[in-house]
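The numbers here are math on the coordinates, done by the rules we state, and not lab data. This one's a predicted model, so the numbers in the text were calculated from it and none came from an experiment. Virtual Cβ from ideal backbone geometry, glycine too; neighbours counted across all protein chains shown.
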Amino acid sequence: MSSGLSRRAVVVASLFSLITLLIVYSSSNITQHSPNLKKWGMRNGYLPVAGNKSINSQCQTCAVVTSSSHLLGTRLGSEIDHSACTIRMNDAPTSGYEVDIGSKTTFRVVAHSSVYRVLRRPQEFLTKTTNTTVIFWGPPEKMQRNHKGNLLGLIQRASSTFPNISAFIISPSKMKSFDVLFRRETGKDSSRHAPHKRAYHYYEPKGPDECTTYIQNERSRRGNHHRFITEKLVFARWATLYNITFSHPQWFQEQ
């Protein structure tokens, strides 16, 4: 049972970031048949690591900055930083890449598997910018106080050491909601043209290949894997329901 929850939870990192975008983004392009994610709100299910803080952000424009190598050479840094809210993922750095991806970080969404990497470099991920909100998520069994890895304890100590950040964890009930939503939206996708070989991460130019990583994770049936292709179909569907534009690479909706 716990392994099943873990496998399903791994796939929601990018999904959760887009949900965060839709919640804080002021858009009225909702159809009666689509799930209105704004109604989920940011006040329930996001538990402060310390104190009684809450997430009350509402932004007219949001930029979700992925870790894709497609961002290299785009010189989008200034445009990204001018967004009211900027959401970044896991341990994706900004230092050295500001011209292409900017430096502003409003939210950083950190999966349980990336907690150690983020906390090892506080000067990059926790103290570089002020008023950053860090949202930690993971399978409930990995975020509990009595878990062997004691991730919650590490997060609590980091929150005390760096009071400039606002740290939150996702409640088990909210994680379950994300899991249910993903199952409702799940489908398959395919590419018409063979893409040029690209690195998976912009900050690991000699790292794993993007296409190979996607296919291996999508097809694997053992262990915990991120179903990249499946979640991209979800994003494509949402783009027709919400005011979302994808760039670098640009996505063209089917007519």
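For this structure, a couple of remarks:
- J(HN,Hα) series, segment 198-213, from Karplus relation 6.51 cos²θ - 1.76 cosθ + 1.60, nearest Hz, glycine and proline x: 9, 5, 5, 10, 5, 9, 10, x, 9, x, x, 6, 4, 5, 4, 4
- Here the simple spin-label model places points 7 Å from the Cα toward Cβ, and for D81 and S171 these points are separated by 3.8 nm.
- Amide H contacts of A63: C85, T86, I87, each under 5 Å away and 5 or more positions distant or on a separate chain (H built 1.01 Å from N in the peptide plane; Pro and chain starts excluded).
- Exposure proxy shown here: for C62, C85, C211, the number of other Cβ atoms within 10 Å sets the order, fewest to most, as C211, C85, C62.
- Two-site FRET efficiency, N131 against S247, from Cβ-Cβ distance with R₀ of 25 Å, rounded to 0.05: 0.40
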